[in-house]
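Notes follow the structure.
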Amino acid sequence: GAFAKTADTCTGSTVAPNSSCTVSVTFTPSLGGSRSATLNFTDNASNSPQVVAMSGVGDAAVASLSSPILTFSDQNVGTASTPEPATVTNTGPRNLSISTVAIGWTNAGDFSKNNDTCTGATITPNSACTVNLTFKPLAGGARSASLTFTDNAPDSPQAVSMAGVGTIPVAGISSSSLTFSHQNAGTTSTPETVTVTNAGTGKLILS
């Protein structure tokens, strides 16, 4: 797809002895890096088909993501996770200009950016920038969003899927009251026990 015929006097033609026909081909890479294809002539010659190898290099910035998916550990609702990094490396021969880095999709409010060195940055070849992401679920259950980089790479925008699970601790106690038997003053009763059980999905932290 990176190569196209712009003029062709050969297809369907009859070429007399000592005459010729011409095919013009252009190269329009949609991505950076090495690209290759072949131009094939099929005819009634004994050495048919004749093949012309074509190659070119797409000279563009290439945004390479450290990972297309960012998965956070389960997190109690309303509490923030430790930051997780999303890194973009320019693996192309041209500068990568990143205009925006945005959080969107279903549960965008559950994720936030901090320490963003990518937005508005120009990344030289073989250099990188990083956005740290934090997960703070607003509700229980599976939560998801996407982080989108918009830039001058041919495949812009690039997206990182983010996922996490919001958990909710539920404290249950074995008894809401303790009634002790009559006890002589100055003497100690046998212990009565209260048990706290976490019946929820998140970690219960007793302060």
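Give me the percent of the accessible area of the stretch 81-207 that comes from carbon and sulfur atoms, probe 1.4 Å, all protein chains in place.
Its accessible area is 53 percent carbon and sulfur atoms.
What percent do you get for the relative contact order of the chain when only Cα pairs under 8 Å and 6+ apart count? Write out the running numbers ahead of the final one.
Working: 473 pairs, mean separation 36.8, N = 207.
For the chain, the relative contact order is 18 percent.
Rg/Rh for the stretch 55-104 to two decimals, with Rh computed the Kirkwood way over all alpha-carbon pairs.
1.15
What Kirkwood Rh does the chain have if only Cα atoms enter the pairwise 1/r average? Answer in Å. Write out the running numbers ahead of the final one.
Numbers: mean 1/r = 0.0433 Å⁻¹.
Answer for the chain: a Kirkwood hydrodynamic radius of 23.1 Å.
Assuming 0.36 nm per residue, please report the length gained on full extension of the stretch ALA2 to ASN40 beyond their Cα-Cα distance.
The ALA2-ASN40 span can extend by a further 12.1 nm.
How much net charge surrounds SER20 when only the other residues with a Cβ under 14 Å from the Cβ of SER20 are counted, with Lys and Arg +1 and Asp and Glu -1?
Residues near SER20 contribute -2 overall.
Please work out the FRET efficiency for the pair MET54 and LEU206, using the Cβ-Cβ distance as r and a Förster radius of 45 Å; give the result to the nearest 0.05. Please report the intermediate quantities before stating the final value.
Working: r = 70 Å, r/R0 = 1.56.
Given R0 = 45 Å and the Cβ-Cβ separation, E is 0.05.
Could you work out the local net charge near LEU96, counting Lys and Arg as +1, Asp and Glu as -1, over the other residues with Cβ closer than 14 Å to its Cβ? Numbers along the way, then the final one.
Values: positive: ARG94; negative: ASP59, ASP151, ASP155.
With Lys, Arg at +1 and Asp, Glu at -1, the neighbours total -2.
If R₀ is 45 angstrom, what is the calculated FRET efficiency for the pair SER144 and SER176, using the beta carbon separation as r and rounding to 0.05?
It comes to 0.70.
Can you tell me which of 41-54, 176-189 comes out highest on packing, and rank the rest after it, using the mean Cβ neighbours within 10 Å?
In descending order of packing, they fall as 41-54, 176-189.
If you roll a 1.4 Å probe over the heavy atoms of the protein chains, what accessible area per residue do you get for the chain, in Å²?
Result: 62 Å² of accessible area for each residue.
Distance between Cα centroids, the stretch 105-127 to the stretch 1-30: provide it in whole Å.
When both Cα centres are located, 46 Å separates them.
Can you give the accessible area of GLU192, probe radius 1.4 Å, in Å² rounded to 10?
Accessible area, nearest 10 Å²: 100 Å².
The values are calculated or read from the model by the stated rules, or taken from the named source; none is laboratory data. Not measured: the values here are computed from a predicted model. Cβ coordinates were reconstructed from backbone atoms using ideal geometry, including for glycine residues, and neighbour counts include every protein chain displayed. Only protein heavy atoms, including side chains, enter the accessible area calculation; ligands, DNA and RNA are left aside. Shrake-Rupley method; radii C 1.70, N 1.55, O 1.52, S 1.80 Å.
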